[in-house]
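As structure tokens, the structure follows; a few thoughts come after it.
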Amino acid sequence: MEPRVIDTAGVQALVDALLARGYTVVGPTVRSGAIVNAPITSVEQLPRGWGDDQEAGRYRLRGRGDDALFGFASGAQSAKPVFFPTEEVLWRGRRTPDGFTVEAEDLQDDRRDDQPGADAPYALLGVRSCDLAAIGIQDTVLTGRRPDAAYAARRAAAFVVAVTCSDPGGTCFCVSTGTGPRPGPGRGAPYDLALTELLEPGAHRFLVEVTSDRGAEVLGDIGSTSATAADLEAADGVADRAARRMGRELETDGLKELLYAAAESPVWDDVATRCLACANCTAVCPTCFCTDVEDVTDLTGSLAGRNRVWDSCFDADFSLLHGGRVRASTGSRYRQWMTHKLAAWIDQFGMSGCVGCGRCITWCPAAIDITHEAAVLRREAAEQEALP
Amino acid sequence: MVPRRFVVRSSRPDTRDTRTLELSPVDGGPLAFDAGQFTMLLAFGVGEVPISISGDPTAPDPLVHTIRAVGPVSRALAGASPGTVLGVRGPFGTGWSVGDGRGGDVVFVAGGIGLAPLRPAIREVCAARADYAHVAVLYGARTPDDLLYADDLQRWAGEHDVEVQVTVDHGQHAWRGRVGVVTELVARARFDGARTLGLVCGPEVMMRYSALALLDRGVRKDRVRLSMERNMQCGVGLCGHCQLREYFVCVDGPVLPYDALEPLISRAEL
Ligand SMILES: Cc1cc2nc3c(=O)[nH]c(=O)nc-3n(C[C@H](O)[C@H](O)[C@H](O)COP(=O)(O)OP(=O)(O)OC[C@H]3O[C@@H](n4cnc5c(N)ncnc54)[C@H](O)[C@@H]3O)c2cc1C
Ligand code: SF4
Ligand code: FES
């Protein structure tokens, strides 16, 4: 289907059409000084006129002085918690005199009413290109080998409205990772519609690209006009300007080999003097998937079961064995995180685990910067090679 | 991620902290497995941990687990009395594929509880003994009281022409056997390295030195296999805990060839 154009009222009509189809619409909205994803019903809830300033260890909202609805970069949360909630019931059982019984599936489902995911299906509004790539990676990780059924169900039911980044943050490097700033079909997870916001004075409008039948149907419900050559050119301009304003850069060439060879680099000890092992980076990372399994018991001790919760390789007990932790030092945990993300992931899943969203840099309380540390490793390797 | 229910049929003490349980499924058929695979074994309300299957792969009913009580979950499992229902997921992971050693020598090197995951493979070899040339079981334990499967060790030596060598770290009172580390047994055993498949299971340091001792005897790196131990929460490659650089030990392992492991286990805290 040819690209179409809608205005701000059209975005509201799009939200309405998705709500009418039974979706819970999740979109960006301003809450306590940050842009976060939340269920929305109105365009008025979008961060109109807000941008952000992001640097290592720093995030601030900034008034843009215009009417942009999507004039900001990645927020603290990606789409990850929507499809992959922080906590999920694996199963419930009952204690019996000789052991336990497992509750039937339907009984287990009843208990999921207050679970994240109970208000699915979701329509995600305003998914950035880096986050689309991240959803694609999580699809591979969580459904490629051994399918996580709950994740797969939420994903299959979801409607995705992507958006082109117009104003990348100081920690963005999606151009380096080849994941942005403009959504493209075949790059990352599939999406239904992609918006590019055109902020021309007196002509605030959105180019809408349609990439699925479902997307075409929904767009058919609302009024839109066909895109002109000028619209297409303006949208290209938005993406080109964004691509030229990346805050960070990551040289990805030979990165896997570089990290594998750097296992004993002094860099890890150096990072360890700054890293608090707080696990912020893995929590905000849109691709980190590690989980722990916890036993839960109700007060009577008769109903019990197992929940899956987000975990992090920075957690001290992540690698616990009887007799000690495999990764006792902070340096070894940072090495695991960075090596997994940028190197081992490629062997495991045929793709890097980093999408260049910059969240781990922005939300690190110690301002540790993965692109900087990668550059240091590269310099160190080059120096070693230069030695006689 | 939902466990099957298995009932404990019998529980036999092996040593003061280790017991062997026989389990049968409450519903459904037995758990077919390859020697070297493990299950995630659940004590309801306490927790779930990886435990290797130590029974006979040609007779998977009952499901046999040998469990050393070292912490809350293993204590609850090892202490489960007959009639108790435990949860079982699996079997998971790669096996020893001991059949690759047919026509040549097979050397099993075990440290402590590491004999349990090797036992199914030793049985497999004994059941087709004529297919193999020299077979050795080299086993090290902390003290004579910590030796597992005394009956099996005797039977393998007496009835199946297996060279069984045992050593302990600390001999006590009546011990007339060898005192020392298991790597010394590797140096001395009567196999021909050039045609040997070496299967090693025990604490990581012990496996590293045993692998080196096997290489010293001329065994090829890709013919030495170790069973790796990492924290495991899911067993199916989803939770991330068991990662060893590019490997998910629960899926790609626990049994991995030494040529793949060499660059990894020689680095601290990887
Ligand atoms: C593939 C594999 C096969 C194993 N086979 C056997 C066997 O046949 N017999 C046997 O006695 N033991 C075996 N183990 C070791 C056994 O899993 C641990 O002893 C057990 O997990 C300890 O848990 P715990 O709660 O009793 O002890 P704690 O030391 O209190 O452990 C606390 C928590 O840490 C985690 N944890 C601790 N140690 C391990 C570990 N080694 N592996 C994974 N998670 C761990 C568990 O989540 C556990 O709940 C095996 C381990 C692996 C990885
Ligand atoms: S970086 Fe750490 S928390 Fe993230 S997926 Fe890898 S091991 Fe898990
Ligand atoms: S045990 Fe969960 S990924 Fe291996």
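The values are calculated or read from the model by the stated rules, or taken from the named source; none is laboratory data. Remember, predicted model here, so these are calculated numbers, not experimental data. Cβ placement follows ideal geometry from the backbone for every residue including glycine, while neighbour counts extend to all protein chains displayed. Remember, those area values only see protein heavy atoms, side chains included, never the ligands or the DNA or RNA. Shrake-Rupley method; radii C 1.70, N 1.55, O 1.52, S 1.80 Å.
If I filter the range A:240-262 for residues that are within 8 Å of chain B (Cβ to nearest Cβ) and either at pLDDT 95 or above or not in a helix (DSSP H, G or I) (or both), do I get at least one hit?
Yes, the conditions are met somewhere in the range A:240-262.
Name, by its number, the condition in (1) at the interface with chain B (Cβ under 8 Å from one of its Cβ atoms); (2) outside any loop (DSSP other than H, G, I, E, B); (3) among the aromatic types (Phe, Trp, Tyr) that does not hold for A:Tyr334.
(1)
Applying the selection to the range B:237-249, what residues are within 13 Å of ligand 1 (Cβ to nearest atom) and in contact (Cβ under 8 Å) with a residue 12 or more places away in the chain?
B:Cys242, B:Gln243, B:Leu244, B:Tyr247, B:Val249
Per-residue answers, yes or no, for (1) at pLDDT 95 or above; (2) in a loop (DSSP other than H, G, I, E, B):
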{"residue": "A:Trp91", "(1), (2)": "no, no"}
{"residue": "A:Phe100", "(1), (2)": "no, no"}
{"residue": "A:Asp109", "(1), (2)": "no, no"}
{"residue": "A:Asp114", "(1), (2)": "no, yes"}
{"residue": "A:Ala118", "(1), (2)": "no, yes"}
{"residue": "A:Ile135", "(1), (2)": "yes, no"}
{"residue": "A:Val141", "(1), (2)": "yes, no"}
{"residue": "A:Ala156", "(1), (2)": "no, no"}
{"residue": "A:Cys165", "(1), (2)": "yes, yes"}
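So is B:Gln154 open to solvent by 40 Å² or more (accessible area, probe 1.4 Å) and part of a loop (DSSP other than H, G, I, E, B) or not?
No: the conditions fail for B:Gln154.
Away from chain B (no Cβ under 14 Å), touching a Phe, Trp or Tyr at 6+ places or on another chain (Cβ under 6 Å) and part of a loop (DSSP other than H, G, I, E, B): is that true of A:Leu276 in this structure?
In short, no.
Exactly one condition in (1) within 14 Å of chain B (Cβ to nearest Cβ); (2) in a helix (DSSP H, G or I); (3) surrounded by 14 or more Cβ atoms within 10 Å (Cβ to Cβ) is not met by A:Ala235; state its number.
(1)
So which residues in the range B:238-263 are within 9 Å of chain A (Cβ to nearest Cβ) and within 18 Å of A:Ala263 (Cβ to Cβ), if there are any at all?
B:Gln243, B:Leu244, B:Arg245, B:Glu246, B:Tyr247, B:Pro263
Need a quick list: strands (runs of 3 or more DSSP E) entirely within the range B:2-118 having at least 3 residues that are away from every other protein chain (no Cβ under 11 Å) and within 16 Å of ligand 3 (Cβ to nearest atom). Walk me through how you get there before you give the answer.
On the way: elements: B:4-13, B:18-25, B:38-43, B:47-52, B:63-68, B:85-92, B:105-111.
Where strands (runs of 3 or more DSSP E) fall fully within the range B:2-118 and carry at least 3 residues being away from every other protein chain (no Cβ under 11 Å) and within 16 Å of ligand 3 (Cβ to nearest atom), they are B:38-43, B:85-92.
Would you confirm whether any residue within the range B:207-223 is assigned to a strand (DSSP E or B), open to solvent by less than 60 Å² (accessible area, probe 1.4 Å), away from ligand 3 (no atom under 16 Å from the Cβ) and touching a residue at least 12 places away in the same chain (Cβ under 8 Å)?
For the range B:207-223, residues assigned to a strand (DSSP E or B), open to solvent by less than 60 Å² (accessible area, probe 1.4 Å), away from ligand 3 (no atom under 16 Å from the Cβ) and touching a residue at least 12 places away in the same chain (Cβ under 8 Å): absent.
Which residue, of B:Val179, B:Val166, B:Val135, is under 16 Å from B:Met206 (Cβ atoms), under 18 Å from the mean Cα position of the chain (by Cα) and free of Cβ contacts under 8 Å to residues at least 60 places away in the same chain?
Among B:Val179, B:Val166, B:Val135, only B:Val166 is under 16 Å from B:Met206 (Cβ atoms), under 18 Å from the mean Cα position of the chain (by Cα) and free of Cβ contacts under 8 Å to residues at least 60 places away in the same chain.
Select from the range A:272-302 the residues that are more than 14 Å from ligand 2 (Cβ to nearest atom) and open to solvent by 30 Å² or more (accessible area, probe 1.4 Å) and list them in ascending order.
Selection gives A:Ala272, A:Thr273, A:Arg274, A:Leu276, A:Glu294, A:Asp295, A:Val296, A:Thr297, A:Asp298, A:Leu299, A:Thr300, A:Ser302.
Could you go through the range A:163-175 and let me know if any residue there is assigned by TED's automatic domain parsing to the domain that holds A:Ile35, within 29 Å of A:Asp53 (Cα to Cα), open to solvent by less than 10 Å² (accessible area, probe 1.4 Å) and free of Cβ contacts under 8 Å to residues at least 60 places away in the same chain.
no
Name the one entry in B:Val168, B:Val125 that is more than 14 Å from chain A (Cβ to nearest Cβ), of a type outside the set (Gly, Ala, Ser), open to solvent by less than 10 Å² (accessible area, probe 1.4 Å) and under 15 Å from B:Asp34 (Cβ atoms).
B:Val125
Does A:Ala277 qualify as being away from ligand 3 (no atom under 16 Å from the Cβ) and under 22 Å from the mean Cα position of the chain (by Cα)?
yes
Given (1) more than 10 Å from every other protein chain (Cβ to nearest Cβ); (2) surrounded by 21 or more Cβ atoms within 10 Å (Cβ to Cβ); (3) out of contact with any helix residue (DSSP H, G or I) (no Cβ under 8 Å at 6 or more places or on another chain); (4) not small (Gly, Ala, Ser), where does A:Arg306 come up short, assuming only one miss?
It fails just one condition, (1).
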